[in-house]
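Student: What follows is a structure written as structure tokens; I'll ask about it next.
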Amino acid sequence: MSDETQAAQLSPLAHQFDDLAQQNEADDLGMWLFLCTELMFFGGLFLAYTIYRTRDEATFAAASRELELLWGTVNTAVLLTSSLTMALAVHAAETRHRQKLIVFLFVTMLLGCAFVSIKFMEYYHKYLHGLMPLLGLPFKWDGTSPGHAEMFFDLYFVMTGVHALHMLIGLGIMLVLLVQATRGRLLGGFSGPVRVTGLYWHFVDLVWVFLFPLLYLIGAR
């Protein structure tokens with residue numbers, strides 16, 4: 001293998017770009033365009049929630065009180081902390097601190113796993129109490145307007161379930177990054193994948209910042 005071939009393989013610059021700055025701009029633009037499509041997707045879910053909530057706010061508030069506010073609050077703190085550690089991982093990658101990059105990626109993954117575990121625990125709790133109207137499961141509601149209450153929980157499981165799926169995808173991507181980081185990659189000019197993954201992770205965290213008050217706090221008034 002020639003020296004030129006080896007240099008091409010080691011360089012973070014893909015052959016279709018003139019320089020690293022152009023490549024980084026293309027990476028960022030691609031991620032922002034993807035996040036715009038995600039924003040429209042979640043926007044549709046938020047619109048559906050708003051329409052159904054305005055039809056019976058009292059029942060939505062009563063159904064919201066069946067959610068575990070404590071665990072929702074804990075998960076919010078966990079996710080916001082993971083945004084901080086992800087930002088620190090990006091900074092470590094850009095400043096060529098390999099050990100810090102590994103540590104912050106690992107901590108971010110631990111926090112993400114904690115969030116998903118708590119969310120699945122909440123799902124199991126709803127299943128035990130007959131509040132999971134999915135896949136033909138019986139729905140038990142002692143209050144008024146059971147149809148609107150069932151719609152609340154339909155939206156709850158769909159919105160938080162899609163969010164949890166995005167979390168799992170992010171965790172899978174970070175696992176790949178962690179393996180590469182342990183091999184001494186993703187530093188300096190190679191840090192683009194960490195940066196765009198950070199954008200994705202912050203977006204997922206931002207979605208939860210809106211989900212939490214809409215689902216957990218409307219019954220606390």
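Student: Taking 1 over the mean of 1/r across every pair of different Cα atoms in the stretch 41-112, what Kirkwood radius in Å do you get?
Tutor: One over the average 1/r among Cα pairs gives 15.0 Å for the stretch 41-112.
Student: Express the carbon and sulfur contribution to the solvent-accessible surface of the stretch 157-221 as a percent, rounded to the nearest whole number, probe 1.4 angstrom.
Tutor: 76
Student: Can you pull the percent of the stretch 74-153's accessible area that's carbon plus sulfur, 1.4 Å probe, other chains left in place?
Tutor: About 69 percent, which is the carbon plus sulfur part of the accessible surface.
Student: Sort K119, K140 by accessible area with a 1.4 Å probe, largest first.
Tutor: Ranked list, largest accessible area first: K140, K119.
Student: May I pose another question? Per-residue accessible area for H166 at 1.4 Å probe radius, Å² rounded to 10?
Tutor: 20
Student: Sticking with this one: At a Förster radius of 30 Å, what calculated FRET efficiency corresponds to the Cβ-Cβ distance of M121 and R65, to the nearest 0.05?
Tutor: Here the calculated transfer efficiency is 0.95.
Student: Taking the mean number of other Cβ atoms within 10 Å as a proxy for protection, how do you rank 45-57, 76-88, 191-203, 173-185 from highest to lowest?
Tutor: So the order, starting with the most tightly packed, is 191-203, 76-88, 173-185, 45-57.
Student: Now a separate question. Cα to Cα, under 30 Å, and not fewer than 8 places away if on the same chain: which lysines meet these conditions relative to K100?
Tutor: Cross-link targets: K119.
Student: Same structure, new question: Tell me the per residue accessible area of the stretch 48-216 using a 1.4 Å probe; a whole number in Å² is fine.
Tutor: Counting only protein heavy atoms, the per-residue value for the stretch 48-216 is 47 Å².
Student: Also, I was wondering about something else. With a length cut of 18 Å (Cα positions projected on each helix's long axis) and a Kyte-Doolittle mean of at least 1.0, go through the chain and give me the DSSP H helices that pass.
Tutor: Details: long enough: 20-55 (53 Å, 0.38); 69-94 (38 Å, 1.17); 98-128 (45 Å, 0.89); 146-182 (53 Å, 1.29); 192-212 (30 Å, 1.11).
Membrane-span-like by this rule: 69-94, 146-182, 192-212.
Student: Here's another thing I want to ask about it. On the Cα set of the chain, report Rg and Dmax in Å, please.
Tutor: 21.2, 76
Student: If R0 is 45 Å, what FRET efficiency do you get for E25 and E57 from their C-beta distance, rounded to 0.05?
Tutor: For R0 = 45 Å, the calculated efficiency reads 0.50.
Student: Moving to a separate point now. Using unit Cβ charges (K, R positive; D, E negative) and no other charged atoms, how large, in debye to the nearest 20, is the dipole of the chain about its Cα centre?
Tutor: 600
Student: Right, another one. Net charge around L186, counting only other residues with Cβ within less than 14 Å of its Cβ (Lys, Arg = +1; Asp, Glu = -1)?
Tutor: For residues surrounding L186, the net value is +4.
Student: Now, a different point. How are the alpha carbon pair distances in the stretch 106-168 distributed across 10 Å bins from zero to the largest one, expressed in percent?
Tutor: Going out from 0 Å in 10 Å bins, the stretch 106-168 shows 20, 46, 24, 9, 1 percent.
The values are calculated or read from the model by the stated rules, or taken from the named source; none is laboratory data. As the structure is a prediction and not an experimental result, all values here were calculated from the model. As a convention, Cβ positions derive from the backbone with ideal geometry for all residues, glycine included, and neighbour counts pool all protein chains shown. The accessibility values were calculated without ligands, DNA or RNA, using every heavy atom of the protein model including side chains. Shrake-Rupley method; radii C 1.70, N 1.55, O 1.52, S 1.80 Å.
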